[in-house]
Every structure is written in structure tokens, then in C-alpha cells.
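Okay, so here's the structure we're looking at.
The values are calculated or read from the model by the stated rules, or taken from the named source; none is laboratory data. Not measured: the values here are computed from a predicted model. When we count neighbours, we look across all protein chains shown, and the Cβ atoms used for this are built from the backbone with ideal geometry, even at glycine. Quick note on the areas: whole protein, heavy atoms, side chains included, nothing else; ligands and nucleic acids left out. Shrake-Rupley method; radii C 1.70, N 1.55, O 1.52, S 1.80 Å.
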Amino acid sequence: MKPLFHKVPINIQSSFGIKHNIESNFGKIWHYHPELELHYVVRGEGVRFIGDNISNFSSGEIILLGENLPHTFRCSDEYYLNSNELEVEAIVIQFLPDCLGRELFNLPEAYLIPKLFEKAKKGMVISGETRDKLAVLMKQATVASQMEKLILFLSILNLLAETDEYEPITSAYAFYRSNESDTIRLNKIYSYTLTNYKKEISLEEISSISHLSITSFCRYFKLMTKKTYYDFLIEIRISHACRLLVEDKIPTEVICFDCGFNNVSNFYRHFKKIAGMTPMDYKRKYLLN
């Protein structure tokens, strides 16, 4: 199991990195890095984990992640089947806060950039015309020459710094930074939960995976994620339920059991608590858009 800290490979001749990836999936590793990351999902869908937030992602989403903000994009189950020909596609720009020199971002004309980096610590989901413009600029940057790439990068930062078309992702700036042994343990917990969320997972079972007593596990997980393991498991189940509701292929009652709930009333109660509406209202809202 890889540790959570990720060393971003950036060419020594480049101030920032731009990648255009087409792969079978986005992997499963929960990780962080000191670089900010602008992530454009061209194709793909699933559940993303960013800081203390669990939400669905789909094609067209653009998000900005601040430095050292833990994250992972867990694609839908079908993307991990060896027999499947599904592919995900993403354009990712990764850069350090001072990648163009501290002097540049300290100039009076660039006063919005440090403010942008501060907002990015919570993560930002970009929407509206800003998202559409960013998508065009990011695609252009993947094939641009060196100087053109730099100009496009500054245009992207300017667009992000000036927009109010975004929503924060996490509930707080601070997120507990773990050491290597903690990150290995968290990866085991997350991977096991994502693989087995459809069945009952007892505290005895998950604490055993973590090599901790039940009491120690509950304390540890709350410290690391600011939520109980049970709340975390429910959020994963509801996120998958949201995805199935929008796909509108199977009845709500079937979705309930497919996502790990043992009765419909329990499912409805948790869904309304997390989504703020009933499953039927959620489906109606997204199918009408």
C-alpha cells in the first residue's frame, strides 16, 4: 500500500505541470501533495473524497484543490473491471504556490492570486461560464508551446482569481496531516470500505483491518476525518445512491438495498439528512435539469 504523500513529477525545465491523462480509472489512493491542483474531468464518473467531503463527480467537472488538501477520485465500479473498455479522461495542472517566483504574486496587480490560493485550501468546484472558459484554456494548454503555455496558465489563474462562480468543497481549512504509518492505515480503511460498503461492516471488522482495538479505532478515525466511521460509511452509501438515482435505471427500493441499507425507511431517513431532500425529489431535480 502506497503512503499518502504523493511526489508530483514536474519536469525540471517547467515551472508547473500539465497532464492529459486517458486511463482505465483514476486509481484509489487517498493522497496529498504541496502543489495546488486544477482538475478537469473530461470523461468519467464516480465518488470523490476531498478533505472531509464525499461527493459525486461526473464528466465536465472542474475543481481547484489547495496545497496539501487530501483527495482521491474513486470511479464507479465498472471502471475497475478488467473486461471493461471504459476509459476516464482528465486534464490536470499542478503547481506550487511560488512556481513563478514569489515576486510575481506579490506585485500589486496580482493581489487576487494569494487570495485565490487561500480559498483553494477548502477546494473549489467551478461552475457556469468560468468552467466553460477554463475547459477551453486547459485543452489549449496541453498542446501549447512553452511561452504560450505560460500565458495560458496566467490566464487560467486570472480567471479563477476573479470568478465568484464556485462553491467551497470542505467545511474547514485545517485538515489533520498524517505521518506515513497513518496514511497506510487510512488507505486500508478507505479501500476496504469502498470495496465492501454494500454489505454490513462491523466496528470489529474494520478495527481489525486497522490493527486497532474498537475504542482506539473510533478515536483515531474521528481525529483523522472529523467524523465517525459510521457517518463516513453512510455518506459513501448515499453518494452511490445519488449516482444510481440520476442514472434512473433501477427502482429506488432496489437502490436502497444495492447501496448497503437493510430497510427502506432507514435509507430514506439517512438520504434526507445528507442530501436535504427525499430520493424522489433528488431524482426529479436532476432529471429535469
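For segment 90-103, the criterion of being open to solvent by 50 Å² or more (accessible area, probe 1.4 Å), in a helix (DSSP H, G or I) and in the same structural domain as Glu129 (by the TED database) is satisfied by at least one residue. The number of residues in segment 128-149 being in contact (Cβ under 8 Å) with a residue 12 or more places away in the chain, within 22 Å of the chain's Cα centre (by Cα) and open to solvent by 50 Å² or more (accessible area, probe 1.4 Å) comes to 4.
Evaluation of Leu186 against the conditions (1) crowded, with 18+ Cβ neighbours inside 10 Å; (2) at pLDDT 85 or above; (3) touching a helix residue (DSSP H, G or I) at 6+ places or on another chain (Cβ under 8 Å); (4) in a helix (DSSP H, G or I) shows that the sole unmet condition is (2).
Between a first residue in segment 214-234 that is over 14 Å from Leu186 (Cβ atoms) and a second residue that is in a helix (DSSP H, G or I) and hydroxyl-bearing (Ser, Thr, Tyr), which pairs have beta carbons less than 7 Å apart while being 6 or more apart in sequence or on different chains? Cβ pairs passing all conditions: Ile214/Ser207; Cys218/Tyr229; Leu233/Thr193.
For segment 247-263, a residue qualifies if it is in contact (Cβ under 8 Å) with a residue 12 or more places away in the chain and either surrounded by 13 or more Cβ atoms within 10 Å (Cβ to Cβ) or among the β-branched types (Val, Ile, Thr) (or both), and the qualifying residues are Thr252, Ile255, Cys256, Asp258, Cys259, Gly260, Phe261. Can Ser171 be described as open to solvent by less than 80 Å² (accessible area, probe 1.4 Å), part of a loop (DSSP other than H, G, I, E, B), at pLDDT below 95 and not aliphatic (A, V, I, L, M)? Judged against the criteria, Ser171 is not a match. Only residues that are under 10 Å from the mean Cα position of the chain (by Cα) and either modelled with pLDDT of 90 or more or assigned by the TED database to the domain that holds Arg243 (or both) were counted across segment 47-63, and they come to 2.
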